[in-house]
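Peer 1: Let me begin by handing over the structure; questions about it come next.
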Amino acid sequence: AARDPKDLRSPICCILGHVDTGKTKILDNIRRTNVQDGEAGGITQQIGATYIPASAVESRTEELRKGRQFDLKLPGLLVIDTPGHESFSNLRSRGSGLCDIAILVVDLMHGLEQQTIESINLLKMRKTPFIIAMNKVDRLYKWNSVANSPIQDAMARQEEYVRKEFEDRLNQVMLQLNEQGLNVALYWKNRDPRSFINIVPTSAITGEGIPDLLQLVVKLTQSLMVDRLMFVNSLESTVLEVKQIEGLGTTIDVVLVNGMLREGDTIVVCGLGGPIVTTIRALLTPQPLREIRVKGQYVHHKELRAAMGVKIAAHNLESAVAGTQLYVAGPDDDVEDLKDAVMED
Ligand code: GTP
Ligand code: MG
Ligand code: NA
């Protein structure tokens, strides 16, 4: 049957990597925000979620496309930020478990580190396709920066010795990746994206390569993952955080992976003292290009379609447990069955 591209949901893209490789900064560059500056000790300690609408991808990739049309079939991207600090392996596992595709961020100056390898193993285990962002190219000695430019244009502008240092460092990291059993290639030299993992050199500070990274995530998902991205109307949704919000009371932040949520829905959530059955009083999202874990202005919705990072306000959520599934009790569902199901997580 012919497929309607309108039935594609937004892919969920998880950012993984060792601490301080620049995961949050890459997102800040895409969002034009300063989330990382506000983090305690500059360390991410929660899973984040940001919706990037197709229009933002389109405008950030304009220079890269040089007038060519972008046949964008996706409504947008839902990006999940994860902590790289070693003590948060549960959150990396949770984040990677939610995603369709991942960006593994590697610091070009440091190469593979402990949590890079941990992340690679998570991605291998779940067979998640991923792209490698070789970040901090602006730290190459005498890097000549033109903000936000496509990476090949940026490379062409560099002095010979800068390109040489880049290639030496890249080759070293590529060898380390080979040692992990990964076949990798710079994305513009990659003739076979099913067999070779794409590398995109980036700078989160000056923005070179960010257009390339965005374009690649969209291209790979909408060309190779169509089956997986077909919208289906069965709910798949995970609780990320339980939070007190002034004026809203206790809320839960959830990632809506598939299906829909509506204001007034009866939801069943795992609680510390047993299952919680409650009603969605407010269904909220941050503004597009804003991080759900940062306090901001929320947009109210009557209903929401996957994929999306969603904040739910409802009574009795105080003891809800992060990392568990959320269910909606439909007219044909037995609430008792759902109560059993949520407590199995
Ligand atoms: P965790 O979430 O704590 O694991 O760290 P992270 O991977 O999100 O890295 P973060 O965005 O916190 O950046 C760590 C530090 O590296 C900050 O001081 C950033 O300013 C710096 N940084 C990140 N990306 C770049 C880059 O591309 N170039 C340069 N020069 N510095 C960068
Ligand atoms: Mg971070
Ligand atoms: Na950090």
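No value in this document is a laboratory result; all are computed from the given coordinates. Just so it is clear, the structure is predicted and the values come from calculations on it, not from any experiment. Glycine gets a Cβ as well: all are built from the backbone with ideal geometry, and neighbour counts include every protein chain shown.
Peer 1: What tally of residues in region 75-115 results from selecting those that are of a type in the set (A, V, I, L, M, F, W, C) and more than 15 Å from ligand 2 (Cβ to nearest atom)?
Peer 2: Counting residues in region 75-115 that are of a type in the set (A, V, I, L, M, F, W, C) and more than 15 Å from ligand 2 (Cβ to nearest atom) gives 8.
Peer 1: Quick check, is residue 186 touching a residue at least 24 places away in the same chain (Cβ under 8 Å), more than 30 Å from residue 277 (Cβ to Cβ), of a type outside the set (Lys, Arg) and surrounded by 13 or more Cβ atoms within 10 Å (Cβ to Cβ)?
Peer 2: No, not satisfied.
Peer 1: Return the only residue of 216, 175, 220, 229 being over 27 Å from residue 63 (Cα atoms) and buried (at least 16 other Cβ atoms within 10 Å of the Cβ).
Peer 2: One residue alone meets the criteria, 229.
Peer 1: Here is a further query. Quick one: count up the residues across region 121-142 that are closer than 28 Å to residue 308 by Cβ, buried (at least 23 other Cβ atoms within 10 Å of the Cβ) and β-branched (Val, Ile, Thr).
Peer 2: 1
Peer 1: Quick check on region 28-53: of everything there that is more than 19 Å from residue 298 (Cβ to Cβ) and either surrounded by 16 or more Cβ atoms within 10 Å (Cβ to Cβ) or acidic (Asp, Glu) (or both), which residue is nearest to ligand 2 (Cβ to nearest atom)?
Peer 2: Top of the filtered list is 44.
Peer 1: In addition: Can you find, within region 92-119, the residue that is surrounded by the fewest Cβ atoms within 10 Å (Cβ to Cβ) among those that are touching a strand residue (DSSP E or B) at 6+ places or on another chain (Cβ under 7 Å) and among the β-branched types (Val, Ile, Thr)?
Peer 2: 101
Peer 1: Here's a follow-up. Considering each of 103, 131 in turn, give the residue that is within 16 Å of the chain's Cα centre (by Cα), within 14 Å of ligand 1 (Cβ to nearest atom) and in a strand (DSSP E or B).
Peer 2: Answer to the selection: 103.
Peer 1: State the number of residues belonging to region 8-42 that are away from ligand 3 (no atom under 12 Å from the Cβ) and without any contact (Cβ under 8 Å) to a residue 24 or more places away in the chain.
Peer 2: Selection size over region 8-42: 1.
Peer 1: Can I ask one more? Is at least one residue of region 57-80 within 14 Å of ligand 1 (Cβ to nearest atom), among the aliphatic types (A, V, I, L, M) and out of contact with any strand residue (DSSP E or B) (no Cβ under 8 Å at 6 or more places or on another chain)?
Peer 2: No - not one qualifying residue is present in region 57-80.
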